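This is the structure, below, for whatever I ask next.
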Amino acid sequence: MKTAFITGITGQDGAYLAKFLLEKGYAVHGGVRRTASMNRGRLAELGIENEIQYHDFDLLELSNIVSVIDEIKPDEIYNLAAQSFVAASFRQPLLTSELDALGVLRILEALRMTGSQARFYQASTSEMFGKIQDQIQSEMTPLYPRSPYGVAKLFAHWITVNYREAHNIFAASGILFNHESPLRGQEFVTRKITLTLAKIKHRNANILELGNLNAARDWGFAGDFVQGMWKMLQHKVADTYVLATGRTNSVRDFVTHAADALGFRLAWEGDGVNETARDRSTNRIVVRVNPAFFRASEVDTLIGCPAKAERDLDWKPKATFEELVEGMASADNDRVSRGCVLF
Ligand code: NAP
Ligand code: GDD
C-alpha cells in the first residue's frame with residue numbers, strides 16, 4: 001500500500017484527489033491547519049471524511065512537514081495548500097507570498113534535509129501566463145504573471161524545477177488551467193454564478209453582481225485534473241506539464257449557460273459597467289456589473305495546450321464545459337432548495 005500526504009486536503013482539489021487515491025488503495029494522510037471551526041465539508045460530501053488520517057499542517061511552519069515525513073514516510077506528497085484566491089492576493093500580497101512562494105520552499109527544504117525519497121507534486125497555475133505571450137499557452141510559453149498570487153506561484157514553480165535539477169528530488173510541477181466543480185469555493189466566479197443564480201431562482205437573493213464579464217478562461221472539471229496530478233508522480237521522470245481542456249469561454253458565456261440550466265432566459269443589454277442581463281420571463285434584471293469586482297491588473301484570456309500531458313501521461317480531460325456548468329448549477333439548485341449550503 002502506498003502512502004500519500006496531501007496538503008490543502010480540505011480544499012476543492014484536495015477532496016477530489018483524496019477520493020481518487022483512496023480508490024486506488026492508498027493510505028491517505030492530509031495536512032490541516034488549525035482553525036476555530038472544523039472545515040471538512042467537502043470531504044464529508046464525498047463520503048471520505050473518516051477515511052483520512054489528519055496531521056497539523058501550516059505552510060508557515062517548517063516543523064510540521066518534517067514531522068509528517070518522519071512519522072508517515074510518504075511515497076508521494078501533493079502540495080495543494082495555498083492562498084488560492086487571486087483577488088485576495090492584491091489585498092494580502094505579503095501573506096500570499098509567504099504561503100504560496102516560501103511555503104513551497106519549506107517543503108522542498110524539508111525533503112532535502114531529511115533525505116526523503118517522496119515524490120513531490122507542486123500545484124502550479126495558468127495564472128503564471130498572465131499577460132499571455134502566446135495565443136495558446138504551453139510548457140514553452142514565457143511567463144508574465146499579473147497578480148501577487150501569480151508572482152508567488154512563479155517562484156514556487158521555479159524553485160520546484162531548481163530542487164529537481166540541483167538536489168535530484170522527484171519534483172513535478174503541474175501548470176493547471178482553471179478547474180471547477182460543485183466543491184469550488186464560493187468566491188471563485190463559477191461557483192459564485194451557480195450559487196447566486198440558484199438563490200435568485202429560490203428567492204434567497206435578488207441580483208448577481210460580477211466584475212469583468214469579458215474575462216475568458218479554459219475551464220475544466222477538477223475531478224479530471226486530479227488524475228493528471230497523480231499521473232505526473234507515476235511517470236518515470238519528474239517534469240512540468242500543462243493540464244487544460246484547450247477550449248476557452250468568457251464569464252458572460254458561463255453566466256448564460258448556468259442561467260439556462262436553472263431555467264432563466266437571459267437577455268443581455270448595455271455595455272461596459274452598464275451591462276446587465278434581464279430574465280425575459282419576469283423582466284427583472286438578474287445580473288449587473290459592479291466595478292468593485294474588477295482586478296487591479298487582469299488576466300484577460302487563457303487557453304491551454306495539454307498535448308504534452310496527453311502524449312507522455314495519456315491524460316485527457318473528460319467533462320465538457322457544458323457538463324461542468326450543468327453539474328455545478330444542478331448541485332447548487334439542490335443545495336439551495338434543501339436549505340443546505342455548507343461550503
Ligand atoms: P482551495 O479550494 O482554495 O484550497 C486551498 C487549500 O489550502 C485549503 O485546504 C486550505 O485550507 C489550504 N490552506 C490555505 N492556507 C493554508 C496554510 N497557511 N497552511 C496550510 N493549508 C492552507 O484551492 P483549490 O482550488 O483546491 O486549488 C488547489 C491548489 O491548486 C492551490 O495551490 C491552487 O493555488 C492551485 N491551483 C488551482 C487551480 C484551480 O483552478 N482550482 C488552478 C491552478 C492551480 P482551509 O480549508 O483551512 O482554508
Ligand atoms: N472571483 C470573481 N468574482 N471573478 C470574477 C468576477 C467576480 O465577481 N467577475 C468577473 N470575474 C473574473 C475575474 O476577474 C477573472 O478574470 C475570472 O473571472 C476568473 O476569476 P476566478 O474565478 O476568481 O479565478 P482566477 O482565474 O482568478 O483564478 C483561479 O484559477 C487560477 C488558474 O488560472 C484560481 O483557482 C487560482 O487559484 C488558479 O491558480
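Compute the signed sum of charges (Lys and Arg +1, Asp and Glu -1) over the other residues within less than 10 Å, Cβ to Cβ, of I200.
+3
Just S281, S173, S116 to compare: in a GNM of the chain, with alpha carbon springs under 10 Å, which one fluctuates most?
Evaluated over the chain, the most mobile residue of the options is S281.
Quote the relative contact order of the range 1-117 in percent (integer), defining contacts as alpha-carbon pairs under 8 Å separated by 6+ residues.
Relative contact order for the range 1-117 comes out at 30 percent.
Please determine, in degrees from 0 to 90 and to the nearest 10, the orientation of helix 251-261 with respect to the longest principal axis defined by the Cα atoms of the chain, where the helix direction is its Cα long axis.
For helix 251-261, the angle is close to 70 degrees.
By how many degrees, between 0 and 90 and to the nearest 10, does the Cα long axis of helix 62-72 differ from the longest principal axis of the chain?
For 62-72 against the chain, the angle is about 70 degrees.
Moving to a separate point now. In the range 60-187, with Lys and Arg counted as +1 and Asp and Glu as -1 at Cβ, which of these residues, S173, G130, T160, has the Cα nearest the positive end of the dipole, that is, farthest along it?
G130
Now for a separate question. Counting only DSSP beta bridges with both residues in the range 198-343, what percent are antiparallel, rounded to the nearest 5?
Close to 70 percent.
If you keep only loop residues by DSSP, which chymotrypsin sites (Phe, Trp or Tyr not before Pro) in the range 1-76 have at most 11 other Cβ atoms within 10 Å of their Cβ?
Nothing satisfies the criteria.
Quickly work out the A44-to-R265 label distance, labels modelled 7 Å from Cα along the C-beta direction, and quote it in nm with one decimal.
Taking the simple label geometry, R265 and A44 are separated by 4.0 nm.
Normalised by the residues of the chain, what does the relative contact order come to in percent, with Cα pairs under 8 Å and at least six apart?
Reported as a whole number, the value is 17 percent.
Can you give the FRET efficiency for R295 and E323, using 1/(1 + (r/R0)^6), R0 = 22 Å, r = Cβ-Cβ distance, to the nearest 0.05?
Efficiency, from the Cβ-Cβ distance: 0.20.
Any idea what the relative contact order of the range 86-220 is, in percent, if you count C-alpha pairs under 8 Å spaced at least 6 apart?
With pairs under 8 Å counted, the relative contact order is 25 percent.
Roll a 1.4 Å probe over the protein chains and send me the accessible area per residue for the range 1-143 in Å².
Roughly 45 Å² per residue, with all protein chains present.
More than 25 Å apart: what percent of Cα pairs in the chain qualify?
I get 52 percent for the Cα pairs in the chain exceeding 25 Å.
Based on Cβ point charges of +1 for Lys and Arg and -1 for Asp and Glu, what charge dipole magnitude is obtained for the range 24-129 about its Cα centre, in debye rounded to the nearest 20?
About 120 debye.
Taking the Cβ of D239 as the center, what net charge do the other residues with Cβ under 13 Å away carry, scoring Lys and Arg +1 and Asp and Glu -1?
Summing Lys and Arg as +1 and Asp and Glu as -1 gives +3.
Now a separate question. Can you compute the charge dipole magnitude of the range 11-54 about its Cα centre, using +1 on each Lys and Arg Cβ and -1 on each Asp and Glu Cβ, nothing else charged? Give it in debye, rounded to the nearest 20.
180
Roughly how tilted is helix 12-23, in degrees to the nearest 10 and between 0 and 90, from the longest Cα axis of the chain?
Roughly 60 degrees, rounded to the nearest 10.
Still on this model: I want the antiparallel fraction of DSSP beta bridges within the chain, as a percent rounded to 5.
Within the chain, antiparallel bridges account for around 25 percent of the total.
Okay, next question. Using 7 Å Cα-to-Cβ label points, what is the N168/L95 separation (nm, one decimal)?
Modelled inter-label distance: 4.1 nm.
Relative to the compact globular guide of 2.2 N^0.38 Å, what is the alpha carbon radius of gyration of the range 1-155, as a ratio?
My calculation over the Cα atoms of the range 1-155 gives 1.07.
So how do 128-134, 290-296 stack up, highest first, on mean other-Cβ count within 10 Å?
Averaged packing, sorted descending, gives the order 128-134, 290-296.
Shifting gears a bit: Could you size up the charge dipole of the chain around its Cα centre, putting +1 on the beta carbon of Lys and Arg and -1 on that of Asp and Glu, and report it in debye to the nearest 20?
560
I've got another one for you. So how far apart, in nm, are the two label points at Q53 and K236 if each is 7 Å from Cα heading toward Cβ?
Between Q53 and K236, the simple spin-label model gives 3.3 nm.
Probe radius 1.4 Å, ligands and nucleic acids ignored: give me the carbon and sulfur share of the accessible area of the range 218-312 as a rounded percent.
Heavy-atom surface of the range 218-312 belonging to carbon and sulfur, 1.4 Å probe: 49 percent.
Right, next: Given the rule -39500 (n - 2.57) for each run of at least 4 DSSP H residues, summed and divided by the residues of the chain, what is its mean residue ellipticity at 222 nm, to the nearest 500 deg cm²/dmol?
-12000 deg cm²/dmol
The values are calculated or read from the model by the stated rules, or taken from the named source; none is laboratory data. What you are looking at is a predicted structure, and each value in this text was computed from that prediction instead of being measured. Please note: Cβ atoms are built from the backbone with ideal geometry, for glycine as well, and neighbour counts cover all protein chains shown. To get the accessible areas, we keep the full protein, side chains included, count just its heavy atoms, and leave off ligands, DNA and RNA. Shrake-Rupley method; radii C 1.70, N 1.55, O 1.52, S 1.80 Å.
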